[in-house]
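Here the structure comes first, spelled out in structure tokens, and everything after it is commentary.
The values are calculated or read from the model by the stated rules, or taken from the named source; none is laboratory data. Remember, it's a predicted structure, so these values are computed and weren't measured experimentally. Here the Cβ positions follow ideal geometry from the backbone for every residue, glycine too, while neighbour counts run over all protein chains shown.
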Amino acid sequence: MRPGKKVASAVSIAVLVLVALPGLAGSRLSSPESPIDAAAFRLDQINAFADAEGVVIDPLDPALRSAGFIASDATFIEPGTGRVIPTKPPVGQPDAARGTVYKPPRYTLSGYGTFYDNGTTAMRLPRGTVIVVCGNGGCMERVVNDYGPSAANPERIIDLYRPDFFRICGCPSWSGTTRVTVKVY
């Protein structure tokens, strides 16, 4: 037989009271904090050797090397064979080239570029293609992220974001087109 709802709720309330109020269940208050008595500690000295004589320590090797240091001109012999393992010859590393180096482009296009206020670089190339656009004002690297311009005018090969256009163009703000060279990578 199942206990009634009143009995079950009374038992759950009793359990909650015993958990929530530990004083009623017989727990004690914590003891106040007090410092540890200094007499509980004592100084012990342990001699490292039974005869307690002084020990001389060798000076450190050069550059604080360990006892198992291997010199750069050391030869190694394989155990059991007496065969000397040859050391590797030094390798000359060429100096790094100065300046900026671009890999050669896959192909180069020449034509007219215009500005396009959509905030994108548009060409009739797949999105994600890396290009370098050069004009009278200099060069800049961009990634194609839109498709265009219209194929109705084959001389127009690229639409640029307005700030990019005037940076490449190097021309006054009323210009609408400029001659550009596009290197496709």
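Arg98 passes every criterion in (1) under 30 Å from Cys169 (Cα atoms); (2) modelled with pLDDT of 80 or more apart from (2). Looking across Ile131, Ile77, one residue alone is modelled with pLDDT of 75 or more and surrounded by 10 or more Cβ atoms within 10 Å (Cβ to Cβ). It is Ile131. Are there any strands (runs of 3 or more DSSP E) wholly within the range 89-151 with 1 or more residues that are among the aromatic types (Phe, Trp, Tyr) and in contact with a Lys or Arg (Cβ under 8 Å, 6 or more places away or on another chain), and if so which? Ranges flagged: 107-115. Every condition in (1) surrounded by 11 or more Cβ atoms within 10 Å (Cβ to Cβ); (2) under 18 Å from Tyr185 (Cβ atoms); (3) modelled with pLDDT of 90 or more; (4) not acidic (Asp, Glu) is met by Tyr107 except one, and the failing one is (1).
For Gly170, indicate whether it is at positive phi, buried (at least 17 other Cβ atoms within 10 Å of the Cβ) and in contact with a strand residue (DSSP E or B) (Cβ under 7 Å, 6 or more places away or on another chain).
no
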